[in-house]
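The values are calculated or read from the model by the stated rules, or taken from the named source; none is laboratory data. Small disclaimer: the values here were computed from a predicted structure and weren't measured. Cβ placement follows ideal geometry from the backbone for every residue including glycine, while neighbour counts extend to all protein chains displayed. Side chains are part of the model used for accessible areas, which takes the heavy atoms of the whole protein and leaves out ligands, DNA and RNA. Shrake-Rupley method; radii C 1.70, N 1.55, O 1.52, S 1.80 Å.
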Amino acid sequence: MKFSVVITTKNRHALLENAIQSVLAQTVGDIECIVVDDASVDETRSIYEKDSRIVYIRIDAKDSRGGNYARNQGVARATGEFIAFLDDDDEWLPNKLKKQLELYNAHPGSVIFCGRTFKKVSSEDAKLHTSIPPEKYSGNLSRLIRTTYVTSTSCLFFPRNLLDLVGNFDERLTFWQEYELCIRLAQVAEFYFVPEALVVCLDEVNSAARVSNKVLNWKENTSYIRNKHKVLYDELTFVENWAYHATLMKDAFRRHQRAGKKFKSFYYGVLRLLIEYIPTKLFHIF
């Protein structure tokens, strides 16, 4: 049994080293850490010479096609029975894969994820916030997965052959790639989670370089996903569609606020109040 872990990175060698060490420190054996360097120009390359379990893939600038292309290059080199992904600015607790494997053995063929701790870093201070998924995020999520954001890339763990069934990361996407992949996975497999925070996610609030703090073509991405899975979205009930739009407005508000788009953040803030906050507080719809 082998575990393949894919980390994509670009010009963040200091953070990357912590991510790699958290993979190599896992309490399971037979692990390969596939690091896909997406045209870095810093000292990234030197990190890969430190351990034979690190598989290094270099994408030159002329061949660079974004994060999902890089992830798929890592998947293509994976030799393990199980596959997991780790963002270069996140870290795993040492027993992350072990606990997920134990849960997988109880639910063979399923997708396993876990809780996470957000390390929210701003110019003023750093705060920790732990998020454990609600119980409804277990079992058959083929409908629920379309309406909400269930988990993140760094929390996922599943057998490699599921990607052969549903396909790899969609290389057209720059946002919500794990949401879209999970829609496809949930149509062929059940989801279960370890109710512990086994991943530490760095959340740099003031960093303009972070994709999660940008708007860019966010609207085009979410519209593309909706059109790609139109048949599945058309099956949703009125309340399920409401929940989907609540998720959309919540993310739109956060992204525009962090990107400094004051008018747009106010606009989406009002929509979020009407679509998500009031129904949640008053009517307990979601």
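General remarks:
- Verdict on Gly74 being under 21 Å from Phe158 (Cβ atoms), outside any strand (DSSP E or B) and in contact (Cβ under 8 Å) with a residue 40 or more places away in the chain: yes
- Residues of segment 164-188 classified as surrounded by fewer than 21 Cβ atoms within 10 Å (Cβ to Cβ), among the hydrophobic types (A, V, I, L, M, F, W, C), modelled with pLDDT of 95 or more and part of a loop (DSSP other than H, G, I, E, B), total: 1
- Subset of segment 90-127 [more than 25 Å from Leu165 (Cα to Cα), open to solvent by 40 Å² or more (accessible area, probe 1.4 Å) and polar (S, T, N, Q)]: Asn95, Ser123
- Taking segment 245-286 as the range and being assigned to a loop (DSSP other than H, G, I, E, B), open to solvent by less than 60 Å² (accessible area, probe 1.4 Å) and touching a residue at least 12 places away in the same chain (Cβ under 8 Å) as the test, the residues that pass are Ala259, Ile285.
- Each residue in segment 13-30 was checked for being farther than 20 Å from Tyr104 by Cβ and acidic (Asp, Glu), and 1 of them qualify.
- None of Asp38, Asp42 is open to solvent by less than 60 Å² (accessible area, probe 1.4 Å), acidic (Asp, Glu) and under 20 Å from Ser154 (Cβ atoms) except Asp38.
- Segment 58-70 residues that are open to solvent by 80 Å² or more (accessible area, probe 1.4 Å), paired with ones that are in a helix (DSSP H, G or I) (beta carbon under 8 Å, 6 or more apart): Arg58/Arg45
- Contact map, segment 101-127: residues that are within 15 Å of Val199 (Cβ to Cβ) and modelled with pLDDT under 95 paired with residues that are of a type in the set (D, E, K, R) and open to solvent by 90 Å² or more (accessible area, probe 1.4 Å), Cβ distance under 6 Å, separation 6+ or inter-chain. Pairs shown: Lys120/Lys127.
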